[in-house]
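Read through the structure below, which is laid out as structure tokens, and then see the notes.
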Amino acid sequence: DSGVTQTPKHLITATGQRVTLRCSPRSGDLSVYWYQQSLDQGLQFLIQYYNGEERAKGNILERFSAQQFPDLHSELNLSSLELGDSALYFCASSVDLAGFNEQFFGPGTRLTVL
Amino acid sequence: SQQGEEDPQALSIQEGENATMNCSYKTSINNLQWYRQNSGRGLVHLILIRSNEREKHSGRLRVTLDTSKKSSSLLITASRAADTASYFCATDARQGGKLIFGQGTELSVKP
């Protein structure tokens, strides 16, 4: 158990819908990262938050957005869903901003868009 | 874009044998991390090696890092069926905290 929690474990929805994925980082970790894992793209970085502020953006679509709350949990919002958004979405956390320390991953949310 | 490339893409060995996986990357790094993933489940952190380290051990795992060749290797000694999983290397590429992953090596350990 990494100490990073994600809910829900599985999500099945239809095209055009909107979903919210939730992540709680390990106790003491200020950085939260979101990654997407798909068969064709592999593991891709989406976005990073540190202590409530967005710090880095990767290959995140405009239809996707995220935020980190004062209690440090984070949510990833995916809207106008397409079939191609079906993937495993991981949240990870680390203690620092710059990536000098280990990054621990949650169990992931498997999103299926029908 | 992918920073790292793992080699081989797939590896099949017998229990008790050693398994070696290699990872190459393209740009300078602060550190490199290895992860294990069992069949579409979560990523388990195995080990972090910093750019000023050459070798690191953790239980049956040995990781080496050669920054001049931009490569790393993960050795699992005396493998077990439970080691069957995909193994990924990830680097920071000195771009803040985000990790850039390779495509992974699929390890199968047969009892």
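The values are calculated or read from the model by the stated rules, or taken from the named source; none is laboratory data. This is a predicted model, so every value here is computed, not measured. For neighbour counting, all protein chains shown are included, and Cβ atoms are generated from backbone atoms with ideal geometry for every residue, glycine included. Calculation scope for accessible area: heavy atoms of the full protein, side chains included, ligands and nucleic acids excluded. Shrake-Rupley method; radii C 1.70, N 1.55, O 1.52, S 1.80 Å.
Quick notes on this one:
- Any hit, region A:50-58, residues being modelled with pLDDT of 95 or more and closer than 18 Å to A:Leu111 by Cβ: no
- Filter pass, B:Asp66 being surrounded by 19 or more Cβ atoms within 10 Å (Cβ to Cβ) and acidic (Asp, Glu): no
- Applying the criterion of at least 2 residues that are open to solvent by less than 10 Å² (accessible area, probe 1.4 Å) and either under 22 Å from B:Arg41 (Cα atoms) or within 13 Å of chain B (Cβ to nearest Cβ) (or both) to the strands (runs of 3 or more DSSP E) found wholly in region A:38-114 leaves A:42-50, A:74-78, A:87-94, A:109-113.
Per-residue answers, yes or no, for (1) open to solvent by 10 Å² or more (accessible area, probe 1.4 Å); (2) touching a strand residue (DSSP E or B) at 6+ places or on another chain (Cβ under 9 Å):
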residue: B:Asn31; (1), (2): no, yes
residue: B:Gly42; (1), (2): yes, yes
residue: B:Glu53; (1), (2): yes, yes
residue: B:Lys56; (1), (2): yes, yes
residue: B:Gly59; (1), (2): yes, no
residue: B:Lys70; (1), (2): yes, yes
residue: B:Ile76; (1), (2): no, yes
residue: B:Asp83; (1), (2): yes, yes
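- Residue in region B:96-109 that is in contact with a helix residue (DSSP H, G or I) (Cβ under 9 Å, 6 or more places away or on another chain) and not hydroxyl-bearing (Ser, Thr, Tyr) present: yes
- Test: residue in region A:25-32 that is in contact with a Lys or Arg (Cβ under 8 Å, 6 or more places away or on another chain), open to solvent by less than 50 Å² (accessible area, probe 1.4 Å) and not polar (S, T, N, Q): no
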